[in-house]
Every structure is written in structure tokens, then in C-alpha cells.
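Report on the structure given below.
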Amino acid sequence: EAQTLAQLRSLLGMSEAACAKTYEAATGPIYRKAVEEATGEAELTPERRAELQATLAKLNLPAEVSGAVALDVYSARLRSVAGDGKILNQEQAGSLAELRDFLDLDADGVAPVHAEVCSPAYAKSVREVMGTSGIIPAEYWEGLDTLRTRLALSEETAADVFAEAAQEKLVAF
């Protein structure tokens with residue numbers, strides 16, 4: 001099949017880059033559908049993962065394309081459970097961690113999505129624990145760190161969100 005595609009590319013006078021881009025545009029949606037079906041409502045089993053890997057191998061997509069599709073599907077799932085400032089519960093956080101593992105996404109790869117989607121919920125919690133005085137009781141620091149971990153926010157993102165919330169509180173004072 002690769003040889004036939006190379007001949008067709010040559011006949012059409014397409015560059016390798018243009019051919020690769022066209023191929024990715026045609027097969028990307030097929031892979032996306034396979035990822036969505038594999039990660040749908042059913043349990044994420046090793047068999048499903050093997051089927052998904054077989055589909056990926058068959059399609060011969062570059063890692064950056066398959067990774068982008070996986071991140072897109074993960075992002076959609078995260079937005080469905082944590083959008084609009086909702087706080088993830090333990091079960092949802094565990095389910096998302098399982099999905100990350102299933103899709104071979106690392107924490108650094110999904111950090112920007114978590115920062116975008118989960119920062120409002122973390123900021124709201126920071127403002128709530130500051131109360132009217134702006135002082136966070138010592139016993140609440142551990143809870144904020146636990147929440148940061150559950151929301152899969154990096155320490156840097158959490159510090160930035162905290163600084164913004166503290167600035168808002170200072171302006172109010």
C-alpha cells in the first residue's frame with residue numbers, strides 16, 4: 001500500500017510534505033473515531049487498548065498526529081466533567097487519570113488543558129478559604145494542596161492562581 005501511495009504521489013506530482021498532510025487529514029478523523037469508541041462508556045480494558053494500538057499501527061499515523069487526537073479526546077472529556085468551574089471529585093479524577101494512562105498522555109502534556117479548565121475551580125476554592133479576612137487558616141493549606149493534586153494542576157499553576165486570588169482580595173481591602 002505504501003508503494004502504491006508513493007507511485008500515486010509521484011503521478012500527481014505532490015511533494016512528500018503535501019502527501020503526508022493529505023494522508024493525515026484523511027486518516028486523522030478515522031483514528032479520532034476509533035479513540036472515541038475505545039474510550040466511550042465502556043471500561044478501559046487492555047483489549048480495547050490493544051485494538052486501538054492496532055488501528056494506529058494500521059493507519060501509520062505520525063506520533064504528533066495521534067498524540068494530538070488523544071489530547072483532543074482527553075480535553076473534551078475533562079471539559080465535560082470539570083467545565084464551568086466544577087470541582088472534580090475523587091472518582092472523576094481517578095477516571096481521568098485512567099484515561100491519561102490508556103491514551104499514553106503524560107501529566108506535562110495535559111497540564112495546559114488542566115490549567116485552563118480547572119484553574120477557575122481552584123481560584124474559587126482559594127477565595128472561599130480566604131474568607132472575609134483574607135487569611136487562610138493553617139488547616140486549609142493541606143486541603144488546597146489535595147485539591148490541586150486532584151485537579152492535576154502543577155504547583156506553578158496553583159501558585160499563579162493563588163497569587164491572582166490574593167491580589168483580588170488585596171484590591172478589595
Determine if region 64-75 includes at least one residue that is more than 29 Å from ARG148 (Cβ to Cβ) and touching a residue at least 24 places away in the same chain (Cβ under 8 Å). yes
Is there any pair with a first residue in region 96-122 that is open to solvent by 30 Å² or more (accessible area, probe 1.4 Å) and a second that is outside any helix (DSSP H, G or I) and hydrophobic (A, V, I, L, M, F, W, C) whose Cβ atoms are under 6 Å apart and which are 6 or more apart or on different chains, and what are they? GLU98/LEU44
Go through GLU1, GLU24, GLU51 for me and flag whichever is among the acidic types (Asp, Glu) and open to solvent by less than 60 Å² (accessible area, probe 1.4 Å). GLU24
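Please enumerate the residues belonging to region 10-52 that are in a loop (DSSP other than H, G, I, E, B) and free of Cβ contacts under 8 Å to residues at least 60 places away in the same chain.
Listed by number, the residues that qualify are GLY13, MET14, SER15, GLY40, GLU41, ALA42, GLU43, LEU44, THR45.
The values are calculated or read from the model by the stated rules, or taken from the named source; none is laboratory data. None of these values were measured; they are calculated from a predicted model. Ideal geometry is used to build each Cβ from the backbone, glycine not excepted, and the neighbour counts take in all protein chains shown. Quick note on the areas: whole protein, heavy atoms, side chains included, nothing else; ligands and nucleic acids left out. Shrake-Rupley method; radii C 1.70, N 1.55, O 1.52, S 1.80 Å.
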